[in-house]
Every structure is written in C-alpha cells, then in structure tokens.
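Everything on this sheet refers to the single structure shown next.
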Amino acid sequence: MEVLAALNLGEIAQTFSKMGMFPVFDLAYYIVSILYLKYEPGSVEVSRRSPVASWLCAMLYCFGSYILADIMLGHSPVDYFQHNSHILLASAVWYLIFYCPLNLFYKCVAFLPVKLVLVALKEVVRSRKIAAGVHHAHHAYHHGFFIMVIVGYVKGSGVALMANFEQLLRGVWRPDTNEILNMSFPTKASLYGAILFTLQEAHILPVAKSTLILCFTLFMATSKVVMTARHSHGSPFALIESWVCHFLFGSALGGGEEDHHAAPASPLKTKEELSEGARKRKTKKAE
Amino acid sequence: MEVLAALNLGEIAQTFSKMGMFPVFDLAYYIVSILYLKYEPGSVEVSRRSPVASWLCAMLYCFGSYILADIMLGHSPVDYFQHNSHILLASAVWYLIFYCPLNLFYKCVAFLPVKLVLVALKEVVRSRKIAAGVHHAHHAYHHGFFIMVIVGYVKGSGVALMANFEQLLRGVWRPDTNEILNMSFPTKASLYGAILFTLQEAHILPVAKSTLILCFTLFMATSKVVMTARHSHGSPFALIESWVCHFLFGSALGGGEEDHHAAPASPLKTKEELSEGARKRKTKKAE
Amino acid sequence: MEVLAALNLGEIAQTFSKMGMFPVFDLAYYIVSILYLKYEPGSVEVSRRSPVASWLCAMLYCFGSYILADIMLGHSPVDYFQHNSHILLASAVWYLIFYCPLNLFYKCVAFLPVKLVLVALKEVVRSRKIAAGVHHAHHAYHHGFFIMVIVGYVKGSGVALMANFEQLLRGVWRPDTNEILNMSFPTKASLYGAILFTLQEAHILPVAKSTLILCFTLFMATSKVVMTARHSHGSPFALIESWVCHFLFGSALGGGEEDHHAAPASPLKTKEELSEGARKRKTKKAE
C-alpha cells in the first residue's frame, strides 16, 4: 500500500512538474504582478502621464525574472520578448488593470477570494522558474554551484531585486532600502528554494526534482495565501533565522521586519509594508 | 512618366540608403551630440576637472546607441570601440569643442546656419541607425517583433535613454525625470520610426526599406531643422497623440511638454527645455 | 656580464609572470579588499542586519574586476563564480573579518607590518589582472586598442568603478562623486598600466610582457606600501599630471586631491580620504 501511495505521489509530482504554465498560470502571474505595480504609490499617475513608462514597468514586473537571469548568464536581456504571445497577454492584463472603464477588471481580480486563487497560481510559476533557473545554470556551468543559486534566486525574486531601478523608471528614488538589504518573504523563500534546488541538482539532496518542485510549490502557495488572507508580513522563517543568525552572525536577522513594530519611523520598512499602507489608501481612492 | 518618376525615386532611395555614413555624416553626428553635451549644466567644469570623465561622457553621447543596442542583443557593450577611426574622430571633435583656444571651434559649429546643416546630417544617421537596429534584431530573432522595436528604439534615442547614468558620471543626479517618463521629440520619433521599420521588416507595411528610410529621414531632418531654427520644443505629434491617448488611455499625452507653459515650476520639464535655458546662459558666458 | 645580468632579469621576469596567484596572492587580495570594505561607514552595521548584503558587497570587492571585465566583453557577469574554491576562500575571509570573536582576525591583519605585506601582495595580483585583461581583450578584438585599455582599466580598478552601486547595495547613495570623476591613485595607475600593456600588446612599446609586468608590479607595490605606511594619498603622478593637463586641457588635474587641503568642505573628496577619516573613527570603536 505504501509503495502504491509512493508511486502515486511520484506520478502526481511528475505530472505536476510537466504541466504547462502558459496560459493559465502565467496569466495569474501577470495579474498578481501588475496588481502589485498598481499598489505602488504614484503608478496610477504614471499610467496617465506616460503609458510607455507604465507599460515598461509592467513588463519588468511580469518578466523581470527572465531579464535578470539572462543578464546573469550573459544572454540578451530581452530574449524572452521573442515570445510574442506572452508579451501580448501581459500587455492586455496591464491595459485592463490600468485603463478598464470603471476599474472593473481591477475590482474583479482584487476581490479577495479571486486574489487568493491567483496568488496560489502565481507561486506555482515562481517555484517552476526557480527550478528552471537552477537547471539552466547547471547546463551552462556543471559545477558552478554559486552560479546556480544566484540564477535560481533571481528567477524566483524577479523585479524585486531591481526595485530601485524599476522605481527610477517611474521617477521615484529610494536608495535607503533594497530587497537584498531588507528581504521580503518571497525573496527569502526564493533564496532558500534556489539553495535546495541546487543541492538537488548536485545530487546532495536525495530527492527527485519533481517531488521537490511539488513540495516547494505547496509550501510557497500555502504561505502566500495565508499571508495575503491575513494581510500579514510575518515570515514563517523568522524563528529559525533568529536562532541561526544569532549563532553565526551574532545578531537577530529579520530585525528589519520586527523593527517595524518597535520603531515605526524606521526608514528600513520592507517594500511590502510600505505598499500595504499605500494600497489601503489607494483602494479607498479607487472605490 | 509616372513610372519613370517612380523608378527615379526608387533609385534615389536605393542610392541614399546605401550611402556611407563615415566620415561626413558621422562627423556631423559627433559634433551635434557633443554640442548638446556642452550645453549641459556643469559639463564644462567637468571637462576642466576630469578630462577622462568628460571624454567618457562624450563617447556615451556619440556611441550610446551602439552601446545600448549591443547590451539589448547580449553582445559586448564596447563592441563599437573596435572601430578605432570612429573613436579617434569623435575624440578629436570632443577635444576641439571643449579645449580649442578662444573656443573657436565651438563658435563655428554653433553658428546657426552651420548648426542647421549639421542637425540635418545628424538625422540622416539617426534614421539609418534605427533601420539597421531593426534589421540586426530581425537577424537574431526572426519573429521577435517587440525586440525589433526595442532595438530600433534604443538605436534612435541613444544616450537620451541612459541620461540618468550619463549625468551620474558627471556627478549629477536627477531621479525625478527620465527620457521614457518625459519623452522628447527625437525619442518619440525614434519609437515611432522603430515601429514603422519593424512593420516594414515584417512585410506588414508594403513599402521598400529604402523608400521608408528616405521618407523617415526627410521627415526627421525637416522637423529637427525647423525646431532648431525656431528654438521650439513643440512636437509635430502633439495633436494626434492627444487624440489617441485620450481615446486609449483616458488622458492627454504630451502633458509633460504642454505643462511647461502652464506650470513653469513643474519638475517634469523635458531634458530639452532644461538644456535650452542652460544653453542660453552658457552661450552668454562663453562669448 | 651585462648579458648575463639581462638573461637573469629576463628569467626572473618570466618566472614571476608565470607564478600562480592562487592561493597566497589571491588570499592577500581578498583580505585587503574586505578590510577596505570594513572601513566603509555603515558596513559593520550592514553585516549585522543583513549578512547576505554584506557577503555580496564583499564578493563585489574581491571579484568586481572580473565582473566588470566580463560585462565589458559581453560574457556572463558571474562567470568567475564557477571557481568555487576562490569564492569559498573569499567567503571565509569575509566571515573572519566581520564575525570573528573578539575581532581577532581583523586585529591581526590590520596590524601595520602585516598589512604592508598584504598590500604589496595585492598589487602583484592587480598588475597581473591588468595584463590578463588586456590580453583577453586583444584575443577578442585584435585591433581594438581602446577596448584593450578599457578592459585592462576595469580589471585593475575593480569595485572602485562601481562604487556608487556597491554603496547602493548597502543603502548608501552618494551621487556627487565617483571614481572616474575623482580618481584615486590605484584607479589612475590602473589606467596608465592598461595603456602601457596595450602599447606592449600592439608591439609599439618594445619590451617583453614579463618585464613590463615585473616593473609595473614593483612600482605599484612600492607606491602603495609607502602610501599605506604614511597614511598619505598624495599621488606620485601629481607633478607630471599637472604639467600635462595644464598643457593639454588648460587646467591642473589632481585638483580634486589637492583641493582637499585648500577646501576641506569640498564635496569632491576622494573615496580614500573619506574612508581614512571613517577608518580612524572605526578603529577607535573596534578597540
């Protein structure tokens, strides 16, 4: 019975890892990403003033992971833009979210039950991207373990890692913080995921890749859905990180996030916390 | 008679599109580009304090389009610097414009009739670059229409698209504006030109490439010569853009330029308007 | 006798130029580089708050030259990270310098006699990198003399040329100065060295490469050891530069450095002078 159960799980994992992302999962990824762009202070104004800049920001939000990974591996940064159907779909989502009459499309996708489903689907894409990034890096550098982690990390984090420059495109400049100095949960999880997938690719972690993809996806989807439902930014890693960092680095990591409660005037708020406040104000304006 | 006229026009277009740009047209491009660099506030001081930084800025102004296009296509950003004669010619122009005794060279090329000829010749080079950029992108990505537009766009716009970072090299940082957020006429025209050349390359626009190059060059040269003669920044696209953007995006585009008259304190002046004021002050100083 | 002396010098130069840099010389390079990182204001705080950001900055300090050279030549910027042993060694140095109990490792390597030896060894690596950079560029572009100088220059200067962005990673933004606008001695020397090695590669300078490497290394090591021992930033080039720049550019170059004494409030202090003051304050704190 256990063997049968294991075979079934293995088959489920295999099927899941071979599932195509386009168009359903990718569509969810674009919708959630451009939703987060709309939450950014000033992005609506930019969409009125300069649609080209707004479109470019939306493309960075949707395809930033591919752009960064291609830069890391020395390929053309706009290589992914050869997939015309993907770009057209993302552009359609951008147009509907920013310019749909009566803001109808935005209201549909921001409706919490719908949003939770989309967030879960987005995490499926993120996990798949991290695995693919590590695999491509392994293909280029068979023993380049640091490179595999870096490429997997940028594939998972996407535009967050170039937030300073994406904001610069919108005329915003906030040099006091960045996603590496103050990691939000998705960025941290992408780093840990990249490390896990690299260990698996190097045959140090004795699991099948499809099983790891399934487990990591389930973890990410569950965490993000719970965090989105609760409007919380508490990281599931906080406890382990505090302990490990205190031991290795003599400090409590996640200080950036916990300090948010202790010192509300701290300039080192994570991007999520700043967006949260702006989002609430914007939601009231939009209604 | 009409057939003969068409054949002649076709031959003229063919001859024109095959004409070599080096050294006459390229020389005009370098002179006008480095003139604009000299108009930038603080550039003369930088040329006294750090000739290396000044030379590097001049090279970005002259070859920024090649650098950006090479970055977009994943090639070496300094690939164009293998053309030693081009670099030497641009360096000679830089030296004469910034360090010629009694500012003689600057006064010659800034003399309006001479400048108008040089501006027209520069637009010949710009148009050729856009066409070449779209062609190279097509060669790398046969169906990458977005990539063709992007590469044609950066070939036409050149250093304007990296203005923030070129200014950073001179110790100036103005994050509130950039050439995508507030497009000047040449940058807009480069975008429209890139779209036209891409449609032609994809056989959607039923014209010969040489004819398109000729027509686009005539349009660009005429517009820029008129705008330079009148010291105006009014874009010929303003009316159509307002209509299209109001229809598509629910706003009047070109608001950035028109607002210059309504709100002189607006931080979103285009680079041209800011340079215009600085140029007038600088011209008085230089004389 | 002279022939024998020349043969011996030639052999010494040959042996010296073939000497492996890893692990002894590279270790010295990593220690001195990360020491300079520790001197930077705020870097210790960053190491407590975000070890990932701190590690990344340390990697930029150690391998910035390879990253920049790979970017210039259109290769993967993280190509050098395939050398796992080098990355692990640099990571170990970073850990010991920032997190060693009682700051023991830092105190050992900052002890002046030890530091002088390490500084000398670092200059051996710098000179070798410039020569290798010029050679690789020559291999890619046989007549690309400007490209050879550029690549040699970035190989020698390393992280200094991307200081603005390395600081941005730590949440610091100082756009008023950069290493090209205000060149410190190592950056200037890297430029002159790159020019010399290019002239040698182009057979214009009639010396053997091994001899040039030996002479340039001796010059760099001696200069840096003397400057470090005296805590001075006076450049040995100052006199010749003033004369040449006054003749060519009508100004006294090195104005940025000399002005430090005339106008202490000048915002254009070199990075070394700013670090010097911070280092003294930090040394007192650390003890």
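The values are calculated or read from the model by the stated rules, or taken from the named source; none is laboratory data. Please read all numbers here as calculations on a predicted model, not as lab measurements. Counting neighbours? That spans all protein chains shown, and the Cβs are built from the backbone with ideal geometry, glycine included.
Please specify each residue of the stretch C:174-190 satisfying the condition of being assigned to a helix (DSSP H, G or I) and either within 13 Å of chain A (Cβ to nearest Cβ) or out of contact with any Pro (no Cβ under 9 Å at 6 or more places or on another chain) (or both).
Within the stretch C:174-190, C:Pro186, C:Thr187, C:Lys188, C:Ser190 meet the criteria.
Could you go through the stretch A:117-126 and let me know if any residue there is more than 20 Å from the chain's Cα centre (by Cα), of a type in the set (A, V, I, L, M, F, W, C) and either within 11 Å of another protein chain (Cβ to nearest Cβ) or surrounded by 20 or more Cβ atoms within 10 Å (Cβ to Cβ) (or both).
Looking for residues that are more than 20 Å from the chain's Cα centre (by Cα), of a type in the set (A, V, I, L, M, F, W, C) and either within 11 Å of another protein chain (Cβ to nearest Cβ) or surrounded by 20 or more Cβ atoms within 10 Å (Cβ to Cβ) (or both), one finds none in the stretch A:117-126, hence no.
Name the residue that is modelled with the highest pLDDT, counting only residues in the stretch B:223-253 that are out of contact with any Cys (no Cβ under 8 Å at 6 or more places or on another chain) and part of a loop (DSSP other than H, G, I, E, B).
Ranking the qualifying residues of the stretch B:223-253, first place goes to B:His231.
Select, from A:Ile97, A:Ile67, A:Ile87, the only residue that is assigned to a helix (DSSP H, G or I), at the interface with another protein chain (Cβ under 9 Å from one of its Cβ atoms) and of a type in the set (Val, Ile, Thr).
One residue alone meets the criteria, A:Ile87.
Any residue at all in the stretch C:160-168 that's more than 7 Å from every other protein chain (Cβ to nearest Cβ), more than 17 Å from C:Ala69 (Cβ to Cβ) and surrounded by fewer than 22 Cβ atoms within 10 Å (Cβ to Cβ)?
Yes - at least one qualifying residue is present in the stretch C:160-168.
Exactly one of these conditions fails for B:Asn103: (1) within 12 Å of chain C (Cβ to nearest Cβ); (2) modelled with pLDDT of 95 or more. Give me its number.
Going through (1) within 12 Å of chain C (Cβ to nearest Cβ); (2) modelled with pLDDT of 95 or more one by one, B:Asn103 breaks only (2).
Can you confirm whether C:Ser54 is small (Gly, Ala, Ser) and within 19 Å of C:Arg170 (Cα to Cα)?
For C:Ser54, the condition - small (Gly, Ala, Ser) and within 19 Å of C:Arg170 (Cα to Cα) - is met.
Only one of C:Gly171, C:Gly193 is crowded, with 16+ Cβ neighbours inside 10 Å, of a type in the set (Gly, Ala, Ser), in contact (Cβ under 8 Å) with a residue 24 or more places away in the chain and part of a loop (DSSP other than H, G, I, E, B); which?
One residue alone meets the criteria, C:Gly171.
For the stretch A:156-166, how many residues meet the condition of being in contact (Cβ under 8 Å) with a residue 12 or more places away in the chain and over 16 Å from A:Glu123 (Cα atoms)?
Looking only at that region, the number is 5.
Inside the stretch C:159-195, can you point out the residues that are closer than 16 Å to B:Pro51 by Cβ and either hydroxyl-bearing (Ser, Thr, Tyr) or in contact with a His (Cβ under 6 Å, 6 or more places away or on another chain) (or both)?
C:Thr187, C:Tyr192
Given the condition among the basic types (Lys, Arg), within 17 Å of C:Lys224 (Cβ to Cβ) and out of contact with any strand residue (DSSP E or B) (no Cβ under 6 Å at 6 or more places or on another chain), answer yes or no: does some residue in the stretch C:166-185 qualify?
no
Whether any residue in the stretch A:192-210 is under 30 Å from C:Asn103 (Cα atoms) and touching an Asp or Glu at 6+ places or on another chain (Cβ under 9 Å) is what I want to check.
no
State whether one or more residues within the stretch B:196-214 are of a type outside the set (Ser, Thr, Tyr), within 13 Å of chain A (Cβ to nearest Cβ) and out of contact with any strand residue (DSSP E or B) (no Cβ under 6 Å at 6 or more places or on another chain).
Within the stretch B:196-214, one or more residues are of a type outside the set (Ser, Thr, Tyr), within 13 Å of chain A (Cβ to nearest Cβ) and out of contact with any strand residue (DSSP E or B) (no Cβ under 6 Å at 6 or more places or on another chain).
Given the criteria out of contact with any Phe, Trp or Tyr (no Cβ under 7 Å at 6 or more places or on another chain), within 11 Å of another protein chain (Cβ to nearest Cβ), under 26 Å from B:Leu118 (Cβ atoms) and of a type in the set (Val, Ile, Thr), does B:Val244 qualify?
So B:Val244 does not fit the description; no.
Would you check if there is a residue in the stretch B:114-136 being part of a helix (DSSP H, G or I), touching an Asp or Glu at 6+ places or on another chain (Cβ under 6 Å) and in contact (Cβ under 8 Å) with a residue 24 or more places away in the chain?
yes
Within the stretch B:17-57, can you find the residues that are among the polar types (S, T, N, Q) and either part of a helix (DSSP H, G or I) or surrounded by fewer than 20 Cβ atoms within 10 Å (Cβ to Cβ) (or both)?
Of everything in the stretch B:17-57, those that are among the polar types (S, T, N, Q) and either part of a helix (DSSP H, G or I) or surrounded by fewer than 20 Cβ atoms within 10 Å (Cβ to Cβ) (or both) turn out to be B:Ser17, B:Ser33, B:Ser43, B:Ser47, B:Ser54.
Looking only at residues that are of a type in the set (D, E, K, R) and touching a residue at least 12 places away in the same chain (Cβ under 8 Å) in the stretch A:196-235, which one is surrounded by the fewest Cβ atoms within 10 Å (Cβ to Cβ)?
Restricting to residues being of a type in the set (D, E, K, R) and touching a residue at least 12 places away in the same chain (Cβ under 8 Å), the top hit is A:Lys209.
Any chance the stretch C:27-45 includes a residue that's within 13 Å of another protein chain (Cβ to nearest Cβ), in contact with a helix residue (DSSP H, G or I) (Cβ under 7 Å, 6 or more places away or on another chain) and modelled with pLDDT of 95 or more?
Yes, there is a match, as at least one residue in the stretch C:27-45 is within 13 Å of another protein chain (Cβ to nearest Cβ), in contact with a helix residue (DSSP H, G or I) (Cβ under 7 Å, 6 or more places away or on another chain) and modelled with pLDDT of 95 or more.
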